[in-house]
Amino acid sequence: MDEYASYDAVGLAELVRAGEVSPAELLDAARLRAEKVNPQINAIVADVEPPPTSVANPPLGGVPFLIKDLHQDLAGYPTSNGCRALAQTSATTSSTVVRRFIEAGLAIFGKTNTPEFGAKGITEPLLHGPARNPWNTDRTPGGSSGGAAAAVAAGIVPAAGASDGGGSIRIPASACGLFGLKPSRGLVPAGPVRAEGLGGTATDGVISRSVRDTAALLDVLVGPADDAPYLAAQPTGPLLDEVGREPGRLRIAVCTASGINPAPHPEVIAAAQGAAALLTGLGHEVVELDRQPVDDGALAADFLTTWFVACAQTVEDVRKVTGAPNALFEPDTLLMAAIGRATSPVVFARAIERRHEHTRRLATFHASYDLLLTPTTATPPPRIGFFDIPAPLRAGQRFFLATGTAGLLRHTGIVDRLVAENLSWVPYTQLANLTGRPAMTVPLHWTPDGLPIGVQFVGRLGAEPQLLRLAGQLEAAAPWADRRPAL
């Protein structure tokens, strides 16, 4: 088991090609590890039989793998999206990204835990119960790819499928001491059921322990599709080749300020400062900023406006397909959907249009700096249940939902206050989603009590090669792969 966990996905695939180990032996090792640790972390919520690949000599043949139980459909199996209403509804076709995972030879044997519809930066759905952080099982692994991150950190698989609509790759990767890169808008196709996630805000990807695994898996996922809404500019060569190349001297701006959380935790400040010192030592130019390049408070409001409207659409779509009553949706989801229905078309259209304003401001920033460095989260991973709504507010929530007046909350300060509390630990990640820029989190810091904290880098559109070169340099300078939780 220790030998299995010491290899990344690229390394395991090399063993298979060399005939030193069989795919069946790797799958047995992964399942045995899952049997031992999954009861402690609740990362895997469904077992599947690995579908065969039709590709000869696939690049990652035989490597055990998990997909996220959110939009990563595997034909013949339910994709619950963390929702009780969908727990028994099987997918009729596999998602494009899942097909590409299969074509790469990955042995998909399970699906990972996620909050209902991926709507939170924690993973505590009523359907499956909370996923737990392997570094401290009283803490969240983040979300919405919390199950994926927990499984990788616990050594079940070297990498796992993930997705990111507001930080859902980077937040759990940070919380679990892993590497995560959200690709640029349009690079990874979302079909065939959806044209694009959240109007281009969301994208699929992976969470991994090693930088080269993310690069190799993005080489699998990135590429045009006939049913995609547009063709994004493609990398000029394999992303895996970028890992190990010198990034050159970069000009990097570091900023820990947040309009959503004016007092980030001292440990995340230390993480950013430590990263800045490391970058300086590696020869990069690091400049400290006292404010973000965009108004992150306004950006968060626009992000949540579009999220609430999308939630309303999602609930209605699920109802049409399943006939599910309100009782099969979580109260928080119903509340968000009600707020979305109460949002005027003009307010929604303005929130969409302001994405371009945020993008222009970020482009102006990138005219002077190669990368923006921030903490990935504003606090260490919170405790399980920390964001549970207090009983009096929960009773009020039930009243508004029962009387059909929940939409009126849009016009009070209650929603803004609850939103601020829930985004206070993840105020930095939505910027890359709304602007479509690539962003990565790198595990460079642990708290004195052993909790990981990542630092985030946001690049220009199409900067994946640059980000991977820098990540490889940081991985060599401050290795993290041998740091493992004591499960």
Rounded, prolate or oblate: which one fits the stretch 83-208, using the alpha carbon gyration tensor with axes a ≥ b ≥ c (rounded when a/c is under 1.5, else prolate when a/b beats b/c, else oblate)? rounded
Restricting to lysines and to Cα separations under 25 Å from Lys182, and discarding same-chain partners fewer than 8 apart, the set is Lys68, Lys111, Lys120
If I stretch the segment between Ala195 and Ile389 completely, what's the gain in nm (0.36 nm per residue apart, minus their alpha carbon distance), one decimal? 66.4 nm
Just to be sure I understand the curve: with the Debye formula and one point per C-alpha of the stretch 2-54, what is log10 I(q)/I(0) at q = 0.18, 0.20, 0.31 Å⁻¹? -0.71, -0.85, -1.26
Identify the residues of the stretch 238-261 with backbone N under 17 Å of a label point that sits 7 angstrom from the Cα of Gln273 along the Cα-to-Cβ direction, or state none. 254-258
What span do the alpha-carbon atoms of the stretch 292-393 cover on each of the three principal axes, reported in whole Å from largest to smallest? 52, 37, 26
Need one number: % antiparallel among DSSP beta bridges in the chain, to the nearest 5. 70 percent
³J(HN,Hα) across the stretch 280-285 via Karplus (A = 6.51, B = -1.76, C = 1.60, θ = phi - 60°), whole Hz, x for Gly/Pro? 4, x, 8, x, 7, 8
Percent of C-alpha pairs per 5 Å bin, the stretch 243-354, short to long: 2, 10, 13, 13, 11, 11, 10, 10, 9, 7, 3, 1
If r is the Cβ-Cβ distance from Arg398 to Glu285 and R0 is 56 Å, what FRET efficiency results, to the nearest 0.05? 0.55
Answer check: the stretch 2-242, Cα atoms, Kirkwood Rh, Rg/Rh ratio of 0.93
Cα pair distances in the stretch 203-309, grouped into 10 Å bins until the bin that holds the longest one, percent each: 11, 24, 35, 28, 3
Tell me the relative contact order for the stretch 2-242 as a rounded percent, counting alpha carbon contacts under 8 Å between residues six or more apart. 18 percent
Cα convex hull of the chain - mean projected area over all directions, nm²: 20.9 nm²
Grab the beta carbon distance between Arg249 and Glu103, set R0 = 51 Å, and tell me the FRET efficiency rounded to 0.05. 0.85
Can you give me the relative contact order of the chain as a percent, contacts being Cα pairs under 8 Å and 6 or more apart? 17 percent
Tell me the Kirkwood radius of the stretch 1-103: reciprocal of the mean inverse pair distance over distinct alpha-carbon atoms, in Å. 15.0 Å
In percent, what relative contact order does the stretch 150-231 have, based on Cα pairs under 8 Å that are 6 or more apart in sequence? 34 percent
Zone residues, the stretch 434-460, relative to Ala478, backbone N less than 14 Å from point 7 Å out along Cα-to-Cβ: 441-448, 452-457
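We did not get these values from a lab; they are worked out from the coordinates using the rules stated. Since this is a predicted model, take the numbers as computed values, not measurements. A quick note on method: Cβ atoms are made from the backbone with ideal geometry, for glycine too, and the neighbour counts reach across all protein chains shown.
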